[in-house]
Amino acid sequence: MVVAFTVFSALLCVVTDQIVKYCESSFLFGLIVCFYYLFRGDSSAADAMHCQTITVDMIRQQGADYIVQIKGNQKNLQQDVRAFFQNTQHTEPECYNQQTRSEVDGDHGRIAQRHYRLLPITDWLIETKKWTDSHALIEVTRKREIKGKTTQEIAYYMTSSAQGIDVLSQVIRNHGSIENSQHWILDVTFSEDSSTIYAGDGAKNMALFRRALLNMIKQHPLKDSVAGKMMRAGWDDNFRAEILFGQKMNKVYTQNT
């Protein structure tokens, strides 16, 4: 199943299981065109498999900026970018440390640290010249400590955006966290993982229904959790109608009523 969602609102805009992994790039091209007004003037974040020149060309044609992760599918680009960060660290330390951001959070014995570093693209780089309007590179170092065991990974991103590291780091983090948070809500609130519906297309249909309902619940303006809104919808006919049919009721909701 392939899911497309808006980064800042976390709303699902496409859910489909009618494509296979090698068709995802073609699917993304169609999605960018269909959601022209959604992408225009915004930033589009994509996984490493979409780090292809034709993908970023399409995004720029729609007036949006892109942020793509660089991995082994672009080996020469990855090596060039890694060497660029190392060279800048030794030759231009002031530039190397000019745009950085660090974040630390954790719970239940887990500590996560993220360090972001942005460098503008210069003529030193060769491989980035193939990419439409490439403007900057971002290095993300992630450290996780769980029960005394520490792991670290370094990821690289390329963007056409002229935004600073504070904005771009939020896009990168949201892109990676939304799918995880969606799964958590679907499991905890909708009990998706414990569902025993398997016959025929039942599992697929229920997955679509849950995600459609989740969108409806999130779009209701009441400031409450998904679980809280679902509970209210169970005993308030008017509130349930607002979620399902988008009706506007002359009623002021508070979390205490």
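Here are the numbers:
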{"item": "For the stretch 101-169, the spread of Cα positions along each principal axis, largest first, Å", "result": "44, 21, 15"}
{"item": "Cα centroid separation, the stretch 58-124 to the stretch 181-237 (Å)", "result": "36"}
{"item": "Gain upon complete extension [residue 79, residue 204; 0.36 nm per residue less C-alpha separation]", "result": "40.9 nm"}
{"item": "Ranked list, fewest to most other Cβ atoms within 10 Å of each Cβ, for 224, 105", "result": "105, 224"}
{"item": "Over 26 Å (Cα to Cα) - which of 75/147; 143/229; 143/204; 71/130; 75/143; 71/129 fall in this group", "result": "75/147; 143/229; 143/204"}
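Read-outs throughout are calculated quantities, based only on the coordinates presented, and are distinct from any laboratory measurement. Because the structure is a prediction, the values reported are computed rather than measured. Note that we place each Cβ from the backbone using ideal geometry, even for glycine, and neighbour counts take in every protein chain shown.
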